[in-house]
1. Based on DSSP, what percent of beta bridges with both residues in chain A are antiparallel, to the nearest 5?
2. Could you tell me how far the Cα centroid of the stretch A:51-73 sits from the Cα centroid of the stretch A:118-169, in Å?
3. What whole number of Å gives the distance from the Cα centroid of the stretch B:41-58 to the Cα centroid of the stretch A:268-309?
4. Under a GNM of chain A (C-alpha, springs under 10 Å), which listed residue has the highest mean-square fluctuation: A:237, A:115, A:216?
5. Any idea how far the Cα center of the stretch A:221-248 sits from the one of the stretch A:3-23, in Å?
6. How well do other chains shield peptide B:44-56, expressed as the mean number of their Cβ atoms within 10 Å of each residue Cβ?
7. What's the average, rounded to a whole number, of partner chain beta-carbon atoms within 10 Å of each residue's beta-carbon in A:301-308?
8. Could you name the aspartates and glutamates in cross-link range of residue A:77, using Cα to Cα under 12 Å and dropping any fewer than eight places away on the same chain?
Amino acid sequence: MKFRKDILKINCKKEEEQICGFIRKQQLSMKREGAVVGLSGGIDSAVCAELCVKALGKERVFGLILPERESSPKSRKYAVKHALKMGIKTEVVDITTVLESIGTYERRDKVIREIFPEYDEQYRLKITLPPDLLSRDAFNFFTLTVDDGKGGVKSARLKKEMLNGIVAATNTKQRTRMVHLYYYAEKMNYFVCGTTNKSELMQGCFVKYGDAGVDIESIGHLYKSQVCELAEYLGVIEEIIQRTPSPDTFSFDVSDEEFYFRMPFDKLDMLLYAWENGVSYEDVCKVMGLDEEQVERAFRDFAAKHKATEYLRMLPPFL
Amino acid sequence: MTENINRKAADDMEEVLRNFIVENFLPSAGLDAFENDDSFMEKGIIDSTGILELLEFIEETFNIRVEDEEVIPDNLDSLNKLKSFINRKIAKKKA
C-alpha cells in the first residue's frame with residue numbers, strides 16, 4: 001500500500017464489527033460470561049469498554065475504576081460519567097491503602113530524597129524523556145522533575161539505579177490494579193479486557209503483568225490515532241476524547257508524549273507505521289514534510305525502544 | 001615528546017573505555033568485539049539504560065560533567081565519538 005497522509009484512516013464500522021467478533025470469540029473460547037474493563041478515564045479504556053458493550057451487551061460488562069492518591073481527579077470523574085453513558089455496572093476501589101501497605105510511595109520517595117533531600121508529601125513529581133525528538137537528537141534518558149507547590153521546580157537527570165528504583169516502585173500501581181481486575185473477573189467468571197494500543201505495545205509503554213496483565217487486548221492492533229478515530233465513532237464522551245493522553249501515574253501532570261513518546265501521536269503513529277512497514281525515507285519525507293535526518297532519528301528511537309522492551313512482550317520461556 | 005604523551009593518554013582512554021564497555025555490556029565477548037566507529041545503538045551494544053551507566057562512568061572516571069543537551073549520539077554513540085567528546089570536555093575544563 002502506498003504511504004500517504006491518510007494511511008492510518010480506518011473504516012470504523014468494519015473495525016467495530018471485527019473487534020466485536022474477536023471479543024465474542026475470545027469470550028466463548030475462554031468460557032467466560034462477560035468482561036471486566038479497568039476504566040482509567042482515558043480514551044483507550046473508554047473505547048475498549050464501548051466495544052465490549054457492543055459485543056456482549058451492557059449487562060455483561062463490568063467497569064472497575066481504581067484511583068489512588070496521586071491520580072488526577074478527572075480520571076475518576078470521566079470514567080464514572082462514561083460508564084453511566086454506556087449503562088454498565090461499575091465499582092470504584094481506591095487502591096491507595098494497598099499501595100501504602102506495600103511501600104509504593106515510601107520506596108519511591110526514598111529514592112527521590114537521595115536526589116532532592118527536601119522532597120516531601122507536599123511535592124509533586126514526574127519523570128520525562130527529552131522532548132521533541134524530531135527537532136533535537138538525544139538519547140533516551142529520564143529526568144526527574146519535582147514541584148514544591150510554591151513555584152519551586154527542580155529537575156535532575158536520573159542515574160540508572162535511581163531510575164530503576166522509581167520505576168519499580170511506580171509499576172506496583174499498575175500491578176495492583178491487575179490484582180483487583182482479576183479478583184472481580186474471577187469472582188464473576190468474566191475475562192479481563194486489556195486496553196493497551198499498538199503504539200504502546202510496539203514501544204514498550206506498558207507494565208508487564210500490570211496493565212498488560214490481561215486476557216485479551218482488544219485494541220492492540222490499533223495505533224493511538226486510530227483509537228481516537230474509533231472513539232468518535234463509538235460516541236465516547238467529549239471530555240475523554242479531548243483529554244490529553246497521560247499515564248496518570250505521577251502527581252505532576254505529564255502527557256504520554258513528555259513521559260515516553262517524545263513526539264505527538266499524529267506524527268508518531270505515521271512514523272511507526274512507516275518504520276514497521278519498511279517505507280522508504282524518501283516517501284516518508286515527502287508525505288510528512290520531514291527531512292531525512294528527522295526520520296532517521298525517529299526510526300532509530302523506535303528500534304532502540306522496541307529492542308529494549310522485547311522482554312516485556314515475551315511469554316515466559318521454558319525448556 | 002608531547003606527541004608521545006598525548007598518544008599514550010589517548011590509548012589509555014581508549015583502553016579504559018573499551019574495557020568498561022566490554023565488561024558491562026558484552027561480558028562474553030573479547031576486547032575486539034567492536035570497531036572504534038561502530039554505533040553502540042545500531043549494533044545493539046548499549047541500550048538506553050546502558051547509556052546512563054556509561055555516562056556515570058565517564059563522569060566519574062574523567063571528572064567531567066555531561067550536560068543534558070550533550071547526551072546525544074554525536075557525542076556518545078561510538079568509541080571514537082566518546083573519546084573526542086571526553087577530550088573536548090577535558091580541554092574546556094583546563095582552559
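Where a number appears in this text, it was derived from the coordinates with a stated rule and is not lab data. In this text the structure is predicted, and so the values were computed from the model without any measurement. Because the Cβ atoms are built from the backbone with ideal geometry, glycine has one as well, and the counts that use them run over all protein chains shown.
1. Among the beta bridges of chain A, antiparallel pairing accounts for roughly 45 percent.
2. Value for the Cα centre distance between the two parts: 30 Å.
3. 22
4. With Cα springs under 10 Å in chain A, the top fluctuation among A:237, A:115, A:216 is at A:115.
5. Here the two parts' Cα centres lie 14 Å apart.
6. Values: counts 4, 0, 2, 7, 13, 7, 3, 5, 12, 3, 2, 5, 3.
Average per residue, whole number: 5.
7. Shielding by partners across A:301-308 averages 3.
8. Here the aspartates and glutamates satisfying the reach criterion relative to residue A:77 are A:239.
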